[in-house]
1. Taking all protein chains together and a probe of 1.4 Å, list Leu89, Leu202, Leu16 from the most accessible to the least accessible.
2. Taking only Cα atoms and a 10 Å spring cutoff, compute GNM fluctuations for the chain and point out the largest among Lys97, Lys169, Lys57.
3. Rounded if a/c is under 1.5, else prolate if a/b is larger than b/c, else oblate: which is segment 79-168, with a ≥ b ≥ c the root eigenvalues of its Cα gyration tensor?
4. Taking a 1.4 Å probe, which of Leu14, Leu129 shows the most accessible area, and what order do the others take after it?
5. Relative to a virtual label point 7 Å from the Cα of Glu196 in the Cα→beta-carbon direction, which members of segment 151-167 show backbone nitrogen distances below 19 Å?
6. Using a/c under 1.5 as the rounded threshold, could you call segment 57-123 rounded, prolate or oblate? The axes a ≥ b ≥ c are square roots of the C-alpha gyration tensor eigenvalues, and prolate needs a/b larger than b/c, oblate otherwise.
7. What accessible area per residue comes out for the chain, rounded to a whole number of Å², with a 1.4 Å probe?
8. Using just the helices of the chain, give the 222 nm mean residue ellipticity in deg cm²/dmol: DSSP H runs with n ≥ 4 each add -39,500 (n - 2.57), and the total is spread over all residues, rounded to 500.
Amino acid sequence: HPDDIDTLMLSGGLYLNLKDAKNALRRYRRVIELDPRNETAYLYVGTIYADNRRYDKALEYFQKLIEMNPEQPMANYYLAKVQMDLGQLTEAEEGFKRTLALKPSWESALLDLGGLYERQRRPDQTMKLYRDFLAAYPNRINVRLRLGQLYMREQKFDEAEETLAAALKQDRSNREVRLTLGLVYLEQGRHDQAIEQMAMLLVETPGDPKL
């Protein structure tokens, strides 16, 4: 049936995977006409508009969804991302914080909030954000890497080395962690240890075409 909601959602998903945003959008908007409280359809419409830089429409759909359900973490997150793209940094910061209050383990929201702080040149606040997150979720290697990179940029080399070494204990073959640790050594004039990290990278990832 052309107006069956499940069929429309499935069809929208198929068109979206085929990168046919126009037909996907048509189906998701029809779902909203039939079921004005369908949160998933609102999310898809908003993200399609955001991906196509129709920020005014994206804001409209995310804000409508938040009006319906203020505790919808994905709506708060994507609204904050659009606000950050528009340079509305105060609003975006509040949105990312709301998202993390609703879903504290959401790594993408944390990294985006950290990126916002870095963009505003607030390194101390960024480092505290990452440290607090790692205290609760110590196995998140991407956050540990970002913290190590930030320490390096701030020339806190001891902290960078400690953080990156801890990341390597989690994943010895992580290319970006080893390269960053090598740079930390190089910045301090510790050339032998920088070379050692490159050698270890060849051992750990022998088939990597980037080396």
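The values are calculated or read from the model by the stated rules, or taken from the named source; none is laboratory data. Everything quoted here is computed from the prediction, not taken from an experiment. With ideal geometry, Cβ positions are generated from the backbone for all residues, glycine too; neighbour counts draw on all protein chains shown. Only protein heavy atoms, including side chains, enter the accessible area calculation; ligands, DNA and RNA are left aside. Shrake-Rupley method; radii C 1.70, N 1.55, O 1.52, S 1.80 Å.
1. Values: Leu89 35, Leu202 100, Leu16 60 Å².
The most accessible residue leads, giving Leu202, Leu16, Leu89.
2. Of the options given, Lys169 has the highest mean-square fluctuation.
3. Working: a/c = 2.67, a/b = 1.53, b/c = 1.74.
Here segment 79-168 falls in the oblate category.
4. Working: Leu14 100, Leu129 35 Å².
Correct descending sequence by accessible area is Leu14, Leu129.
5. 157-167
6. Numbers: a/c = 2.54, a/b = 1.37, b/c = 1.85.
Here segment 57-123 falls in the oblate category.
7. Details: 11880 Å² over 211 residues.
Each residue of the chain exposes 56 Å² on average to a 1.4 Å probe.
8. Values: 12 runs with 162 residues, N = 211.
Calculated from helices alone, the mean residue ellipticity at 222 nm is -24500 deg cm²/dmol.
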